Amino acid sequence: WEDGRFVESPPMSTHQSFTCPQEVGTYEIYRMYHEELESLTKHIPTIRRAQFWMSFSPAYLTHLEVLQNVGMTRIDEVDYQGQKIIPLQFLKAVLPDPGDLGKSTKGRTCIGNIIRGSRNGQEKALYVYNACDHEACFAEVGSQAISYTTGVPAMIGARLMMERAESWLRPGVWNIEQNDPDPFMDLLNKNGLPWQATEEIPELT
């Protein structure tokens, strides 16, 4: 998102090396579309530029390219020995169950936001992030950190609605950035996803 519109580029064409804090590691990250860009730029119209980045390993991208090249990611029906099958559904059936991978997943996730702007006439930048350990998550809930970092924020949102926290239970449909962030951020610290904030900003394209 830039200057009031979405700017398109070829898939996976913009990428760079990125060093995560707290010794999480250095990874190749790729700029890509994600649905948060739709709501953030709608509900915070002063945003001039917004990007979403995600890391992928070279092996993952190679596997994905091969599967695409041989047609295994197709979502249209094909004939196989007199049966109609959808290649992507067949691929899902033969791949390991994601729920079984938690016990062997090691390392840490790093999820964060880099925000640049001005406040009281002064330029300011802040990096707010959380680092989460796969093995610690599995020991606590029997699942790895990807599930944990998805589920805990949803639970906090539901809790704030049930407790009728200010702005969290109102008539209509609201996205998370339209609500008061303070109780949400406080509960992240108390429910397994403590966050850090620093003005030491990693470089991004």
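The values are calculated or read from the model by the stated rules, or taken from the named source; none is laboratory data. Nothing here was measured: the structure is a model prediction, and the numbers come from that model. Don't worry about glycine lacking a Cβ; one is built from the backbone with ideal geometry, like all the others, and counts go over all protein chains shown. All accessible areas refer to the heavy atoms of the entire protein, side chains included, with ligands and DNA or RNA removed. Shrake-Rupley method; radii C 1.70, N 1.55, O 1.52, S 1.80 Å.
The table for this structure:
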{"quantity": "The stretch 90-107 residues that are over 18 Å from Gln68 (Cβ atoms), paired with ones that are open to solvent by 90 Å² or more (accessible area, probe 1.4 Å) (beta carbon under 7 Å, 6 or more apart)", "calculated": "Lys106/Glu135"}
{"quantity": "Scope the stretch 20-75; condition in a strand (DSSP E or B), exposed (fewer than 14 other Cβ atoms within 10 Å of the Cβ) and of a type in the set (Ser, Thr, Tyr); matching residues", "calculated": "Thr26"}
{"quantity": "Selection count, the stretch 104-126, where residues are under 13 Å from Ala145 (Cβ atoms) and touching a Gly at 6+ places or on another chain (Cβ under 9 Å)", "calculated": "3"}
{"quantity": "First in the stretch 47-69 and closer than 28 Å to Pro202 by Cα and in contact (Cβ under 8 Å) with a residue 60 or more places away in the chain, second anywhere and open to solvent by less than 50 Å² (accessible area, probe 1.4 Å) and in a strand (DSSP E or B), Cβ under 9 Å, 6 or more apart", "calculated": "Trp53/Gln16; Trp53/Phe18; Trp53/Ile29; Trp53/Tyr30"}
{"quantity": "Residues of the stretch 86-113 satisfying the condition of being open to solvent by less than 50 Å² (accessible area, probe 1.4 Å), β-branched (Val, Ile, Thr) and over 26 Å from Phe18 (Cα atoms)", "calculated": "Ile86"}
{"quantity": "Test for Ser17: is it assigned to a strand (DSSP E or B) and over 15 Å from the mean Cα position of the chain (by Cα)", "calculated": "yes"}
{"quantity": "The one condition in (1) within 19 Å of His134 (Cβ to Cβ); (2) in contact with a Phe, Trp or Tyr (Cβ under 7 Å, 6 or more places away or on another chain); (3) assigned to a strand (DSSP E or B); (4) of a type outside the set (Asp, Glu) that Lys103 fails to fulfil", "calculated": "(3)"}
{"quantity": "Matching option when the condition is open to solvent by 40 Å² or more (accessible area, probe 1.4 Å), of a type outside the set (Ser, Thr, Tyr), closer than 25 Å to Gln22 by Cβ and part of a strand (DSSP E or B), among Ala136, Ala154, Ala197", "calculated": "Ala197"}
{"quantity": "Members of the stretch 119-133 found to be loosely packed, with under 14 Cβ neighbours inside 10 Å and either polar (S, T, N, Q) or in contact with a His (Cβ under 6 Å, 6 or more places away or on another chain) (or both), listed by number", "calculated": "Asn120, Gln122"}
